[in-house]
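The values are calculated or read from the model by the stated rules, or taken from the named source; none is laboratory data. Computed from a predicted model, the values in this text were never measured in an experiment. Here the Cβ positions follow ideal geometry from the backbone for every residue, glycine too, while neighbour counts run over all protein chains shown.
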């Protein structure tokens with residue numbers, strides 16, 4: 001089973017799941033030994049296929065670091081924290097975590113857009 005580590009030591013993913021606000025973006029950093037990279041991609045693809053059928057799911061994209069990196073980043077957009085929480089805590093999804101390589105480490109964290117005048121909108 002894959003290990004989990006917090007991206008922010010002061011605000012855990014569990015803390016974030018208590019939020020009741022609107023649209024959120026999940027950023028999930030995975031690290032994996034190079035020999036287990038293809039297994040991680042297969043497990044992620046299976047999860048993504050399941051997630052895209054869940055209420056509130058908007059989109060997802062997996063990125064891999066270049067030059068043989070074992071670092072992957074998943075970017076997923078959800079209509080609300082409530083929708084993400086329902087999918088993330090679903091026992092069927094939790095069972096799927098066993099498909100990830102044992103050497104993988106995940107760091108999921110939820111974000112919202114920030115408006116910066118003249119640069120980007122929320």
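With respect to the conditions (1) out of contact with any helix residue (DSSP H, G or I) (no Cβ under 9 Å at 6 or more places or on another chain); (2) outside any strand (DSSP E or B); (3) over 19 Å from residue 22 (Cβ atoms), residue 69 falls short on a single one, namely (1).
Entry remark, the range 91-113: residues being outside any strand (DSSP E or B), touching a residue at least 40 places away in the same chain (Cβ under 8 Å) and under 14 Å from residue 47 (Cα atoms) number 8 in total.
Among the residues making up the range 31-54, those that are touching a strand residue (DSSP E or B) at 6+ places or on another chain (Cβ under 9 Å) and closer than 12 Å to residue 102 by Cα are 31, 32, 37, 40. Tell me, please, whether a residue that is without any contact (Cβ under 8 Å) to a residue 60 or more places away in the chain, more than 13 Å from residue 106 (Cα to Cα), in contact with a helix residue (DSSP H, G or I) (Cβ under 8 Å, 6 or more places away or on another chain) and part of a loop (DSSP other than H, G, I, E, B) can be found in the range 36-55. Taking every residue of the range 36-55 in turn, at least one turns out to be without any contact (Cβ under 8 Å) to a residue 60 or more places away in the chain, more than 13 Å from residue 106 (Cα to Cα), in contact with a helix residue (DSSP H, G or I) (Cβ under 8 Å, 6 or more places away or on another chain) and part of a loop (DSSP other than H, G, I, E, B). For the range 90-122, the set of residues classified as within 20 Å of residue 50 (Cβ to Cβ) and surrounded by 11 or more Cβ atoms within 10 Å (Cβ to Cβ) consists of 90, 93, 96, 97, 99, 100, 101, 104, 106, 108, 110, listed by residue number.
With respect to residue 84, determine if the residue is touching a residue at least 60 places away in the same chain (Cβ under 8 Å) and under 18 Å from residue 113 (Cα atoms). Criteria met by residue 84. Taken as a whole, the range 61-83 holds no residue that is surrounded by 10 or more Cβ atoms within 10 Å (Cβ to Cβ), within 14 Å of the chain's Cα centre (by Cα) and modelled with pLDDT under 95.
Considering the range 72-90, the residues that are in contact with a strand residue (DSSP E or B) (Cβ under 9 Å, 6 or more places away or on another chain) and part of a loop (DSSP other than H, G, I, E, B) include one that is nearest to residue 7 (Cα to Cα), namely 80. Of the numbered criteria (1) over 20 Å from residue 103 (Cα atoms); (2) touching a residue at least 12 places away in the same chain (Cβ under 8 Å); (3) surrounded by fewer than 13 Cβ atoms within 10 Å (Cβ to Cβ), the one residue 3 fails is (1). Based on this model, can you work out whether residue 26 counts as surrounded by 11 or more Cβ atoms within 10 Å (Cβ to Cβ), at negative phi, assigned to a helix (DSSP H, G or I) and under 16 Å from the mean Cα position of the chain (by Cα)? So residue 26 does not fit the description; no.
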